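Colleague: Structure incoming, see below.
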Amino acid sequence: MFQNALAHYAILTAMLAPALLMAATASLLVSANARLARVVDRLRALIVSWEYDAPDRAERDDQINRHRRRAHLVLRACQLLYGALGAFVGTSLSLAVDAFTGNRLVLLPTALALVGVLFLLMASIVMGSEVSLSVRSFDLEIDQELDRKRT
C-alpha cells in the first residue's frame, strides 16, 4: 500500500515540471498578446493618420510596413508559444498514461518536452527580433519627427 502511494506521488511529482513550464509559457503568451494588441493599435492609428496626412505619406507607408512585420513576428511567436503549451500539456498527460501502462511510452514524454522547449526557444528568438524591429522603428520615427521640427 505504502509503495503504491509512493509511486503515485512520483507520477504527480514528474507531472509538476511540465506544469511549471506551462505556467511560464502562459506568462509569455500574455506578454506576447499584449505586444500584439499594442502593435495593432499603433497600426490602426497610422492608417487613420495615413488617410489625412498626405505630405508625409511615404513615411507613413514605411511605418505601416514595419508595424505589419512586427505584428507578423508577434503572431509567429504566439503560435510557437501555443505549440509549446500544447507540447507541455502532452508531456504531462503522457507521463500519467506512461505510468498507467507500465512505462510503455518512455520516449513520448521526453520527446514532447523537447518539442515544447524548442518551441520556447524559437518563440524567444522571434520575440527578440520583434523587439529589435520595434526599437529600430521607434528610432526612425524619432529621427523623422526631429527632422520635421528642424525644417
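The values are calculated or read from the model by the stated rules, or taken from the named source; none is laboratory data. Keep in mind that what you see is a predicted model, and the values were worked out from it rather than measured. As a convention, Cβ positions derive from the backbone with ideal geometry for all residues, glycine included, and neighbour counts pool all protein chains shown.
Colleague: Quick check, is residue 116 more than 23 Å from residue 64 (Cβ to Cβ) and loosely packed, with under 13 Cβ neighbours inside 10 Å?
Modeller: Working: more than 23 Å from residue 64 (Cβ to Cβ): yes; loosely packed, with under 13 Cβ neighbours inside 10 Å: no.
No.
Colleague: Tell me whether the range 23-39 contains one or more residues that are part of a helix (DSSP H, G or I), more than 23 Å from residue 128 (Cβ to Cβ) and among the β-branched types (Val, Ile, Thr). Before you say what the answer is, go through the steps one by one.
Modeller: Taking the range 23-39 first, the residues part of a helix (DSSP H, G or I) are 23-39.
Applying the additional criterion that residues be more than 23 Å from residue 128 (Cβ to Cβ) yields none.
No, the conditions are met nowhere in the range 23-39.
Colleague: Within the range 93-139, how many residues are in a helix (DSSP H, G or I) and touching an Asp or Glu at 6+ places or on another chain (Cβ under 8 Å)? Before the answer, list the steps.
Modeller: In the first step, residues of the range 93-139 are kept if they are in a helix (DSSP H, G or I); the result is 93-100, 107-139.
Next cut, touching an Asp or Glu at 6+ places or on another chain (Cβ under 8 Å) only: 108-109.
Looking only at that region, the number is 2.
Colleague: If we scan the range 67-79, do we find a residue that is of a type outside the set (Phe, Trp, Tyr) and at pLDDT below 90? Steps first, answer last, please.
Modeller: Here is the first cut: in the range 67-79, the ones of a type outside the set (Phe, Trp, Tyr) are 67-79.
When the remaining residues are screened for being at pLDDT below 90, the result is 67.
Yes, the range 67-79 contains a residue that is of a type outside the set (Phe, Trp, Tyr) and at pLDDT below 90.
Colleague: Let me ask you something else. Looking for something closer than 30 Å to residue 16 by Cβ and among the charged types (D, E, K, R) - is there at least one such residue anywhere in the range 46-69?
Modeller: Residues of the range 46-69 closer than 30 Å to residue 16 by Cβ: none.
No, because not a single residue in the range 46-69 is closer than 30 Å to residue 16 by Cβ and among the charged types (D, E, K, R).
Colleague: Got at least one residue in the range 77-86 being of a type outside the set (Asp, Glu), surrounded by 15 or more Cβ atoms within 10 Å (Cβ to Cβ) and farther than 25 Å from residue 19 by Cβ? Step through it out loud before you land on a result.
Modeller: To start, the set of residues in the range 77-86 that are of a type outside the set (Asp, Glu) comprises 77-86.
From what's left, surrounded by 15 or more Cβ atoms within 10 Å (Cβ to Cβ): 77-86.
Keeping just the survivors that are farther than 25 Å from residue 19 by Cβ gives none.
Checked the range 77-86: no residue is of a type outside the set (Asp, Glu), surrounded by 15 or more Cβ atoms within 10 Å (Cβ to Cβ) and farther than 25 Å from residue 19 by Cβ.
Colleague: Further, regarding this structure: For the subset of the range 125-151 comprising residues that are among the basic types (Lys, Arg) and surrounded by 10 or more Cβ atoms within 10 Å (Cβ to Cβ), which member is farthest from residue 63 (Cα to Cα)?
Modeller: Step one: of the range 125-151, the residues among the basic types (Lys, Arg) are 136, 148-150.
Narrowing the set further to residues that are surrounded by 10 or more Cβ atoms within 10 Å (Cβ to Cβ) leaves 136, 148.
Working: 136: 11, 148: 16 Å.
Among those residues, the one meeting the criterion is 148.
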